[in-house]
Amino acid sequence: MRILTTIFFFFILGAIQCTMAQSVQTIRGKMPARKMGLTLVHEHVFLDWTGAERMQASAWNNDSAVAVILPYLRKMQSHGVKTILECTPNYIGRNPRLLARLADSTGLHILTNTGYYGARWDNHIPAHAYRESVDQIAARWLEEFNHGIDGTTIRPGFIKIGVDGDSLLSEIDEKIVRAAARTHLRSGLTIVAHTGPDQLALRQVEILQQEGVALDAWVWTHAQGGSDAVRVALAQKGAWISLDGLGWVDPAERAGDSTGLMNYVNAIVHLKKTGLLKRVLLSHDAGWYTHGVPGGGRFQPYTLIFTHLLPILREKGFTKKEIDGLMVVNPRAAFAIRVRPKN
Ligand SMILES: [Zn+2]
């Protein structure tokens, strides 16, 4: 009898862990990851470039923003998109109340984030981040994960950070990466790291390994700025390779320069040849309504993947299963909340 009870206990525990392992945190609460459906992992709806120390959320005009953004979201939904990750970090226009209105109007599942953005010359890093320790910064992000952001009950579904530099990470950027690693280990949230070139990716990987975080907890964001060789090397170690600037390519350009559509196609084909398609994420990094610019400024649509990229991949022999892998299965695997310690 005792053995049966023990088996039953572990069965229930396993079932609970299994369910927990498959949920994501949307702005409307926890949701089974299987409900994400077709997902765009890196988009923006709103930005405020003012800078961390001068930005005022009270000045944002959400009514005007909703009117501009909604038609673009609806167009995206006409291609079957069910979920987006809104990648605008705190101190650069993260706007949870606006996201809630957009989710209500469209029925989209929207994930927002916690973390700080150290790219763009650290203009969006708040002053307290320089004074505080790594653990104090992580505690602020965990507070958002546990209780909600900006006075709302909306909780982050991932960690968004940014780094930049010519070859090495700056001291503050390194601190942000360590804080992200420690926040991951205490929350299970995936780290989305605005990165770009190889050397910044490799340096982050060293830090994550020192902090005891497995690479499948980390998304190399803007990996289109890296090389085939390093993308393959890091994907083999488990990193997520995010090819995510597709909103900004010229669809007429098929010659294959470093920022063109064919650059993406070639990178994806190379990852397929090396058996690593299951580590790849795709998105547009498009949008957005810019605070302080009349009418929100120029808006890039969220549709080029559907109108141009996927048709080319199909021409090149990608199967429905492979495309579903890129757009449905991989996002679900990347963002299901679970702690991923380094073995
Ligand atoms: Zn972005």
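The values are calculated or read from the model by the stated rules, or taken from the named source; none is laboratory data. Remember, predicted model here, so these are calculated numbers, not experimental data. Positions of Cβ are backbone-derived with ideal geometry, glycine not excepted, and every protein chain shown enters the neighbour counts. Note: areas computed on protein heavy atoms with side chains; ligands, DNA, RNA excluded. Shrake-Rupley method; radii C 1.70, N 1.55, O 1.52, S 1.80 Å.
Straight-line reach from K342: which lysines have a Cα under 29 Å away, not including same-chain ones fewer than 8 places off?
K30, K35, K160, K175, K237, K272, K273, K278
With each run of n ≥ 4 DSSP H residues scored as -39500 (n - 2.57), what mean residue ellipticity at 222 nm is computed for the chain after dividing by its residue count and rounding to the nearest 500 deg cm²/dmol?
Roughly -12000 deg cm²/dmol at 222 nm, from the helical runs in the chain.
Pull out a ≥ b ≥ c, the square roots of the eigenvalues of the alpha-carbon gyration tensor of segment 65-220, then state rounded if a/c is under 1.5, prolate if not and a/b is larger than b/c, and oblate in the remaining case.
Details: a/c = 1.86, a/b = 1.63, b/c = 1.14.
Prolate, because a/c is 1.5 or more and a/b exceeds b/c.
Select from G260, H128, G118 the residue farthest towards the positive end of the dipole of the chain; place +1 on Cβ of Lys and Arg, -1 on Cβ of Asp and Glu, and compute about the Cα centre.
Going by the charge dipole, the pick is G260.
Ignoring ligands, DNA and RNA, what percent of the 1.4 Å accessible area of the chain is carbon and sulfur?
Working: 8020 of 14650 Å².
Roughly 55 percent, rounded to a whole number.
With charges set only on the Cβ (+1 for Lys and Arg, -1 for Asp and Glu), what does the dipole of the chain come to about its Cα centre, in debye to the nearest 20? Walk me through the intermediate numbers first.
Working: 38 positive and 30 negative charges, 299 e Å.
Taking the Cα centre of the chain as origin, the dipole is about 1440 debye.
Hydropathy at least 1.6 by Kyte-Doolittle, axial extent at least 27 angstrom from the Cα trace: which helices of the chain, defined as entire DSSP H runs, fit? Walk me through the intermediate numbers first.
Working: long enough: 2-21 (28 Å, 1.71).
Helices meeting the criterion: 2-21.
Would you work out if the chain is rounded, prolate or oblate? Take a ≥ b ≥ c from the square roots of the eigenvalues of the alpha-carbon gyration tensor; rounded if a/c is under 1.5, else prolate when a/b is larger than b/c, oblate otherwise. Intermediate results must be reported in sequence, preceding the final value.
On the way: a/c = 1.23, a/b = 1.07, b/c = 1.15.
Taking the square roots of the gyration eigenvalues as a ≥ b ≥ c, the chain is rounded.
For segment 51-111 and segment 189-243, what is the separation of their Cα centres, given in Å?
27 Å
Determine the relative contact order of segment 94-202: mean sequence separation of Cα pairs under 8 Å and six or more apart, normalised by residue count, in whole percent.
Details: 148 pairs, mean separation 32.7, N = 109.
Computed value for segment 94-202: 30 percent relative contact order.
Report relative contact order for segment 140-281 in percent, whole number only (criteria: Cα-Cα under 8 Å, sequence separation at least 6). Don't jump to the answer; show the numbers that get you there.
Details: 214 pairs, mean separation 24.2, N = 142.
So the answer I get is 17 percent.
Give the residue from F158, H42, P32 lying farthest towards the positive end of the charge dipole for the chain; charges sit on Cβ (+1 for Lys and Arg, -1 for Asp and Glu) and the dipole is referred to the Cα centre.
Farthest along the dipole direction, towards plus: P32.
Taking amide H atoms as placed 1.01 Å from N in the peptide plane, list the residues 5 or more away in sequence, or in a different chain, whose amide H sits under 5 Å from that of T26.
M31
Just to check I understand the Karplus step: with θ = phi - 60° and J = 6.51 cos²θ - 1.76 cosθ + 1.60, what whole-Hz values come out for segment 290-299, glycine and proline as x?
Result, rounded to whole Hz: 9, 4, x, 10, x, x, x, x, 6, 10.
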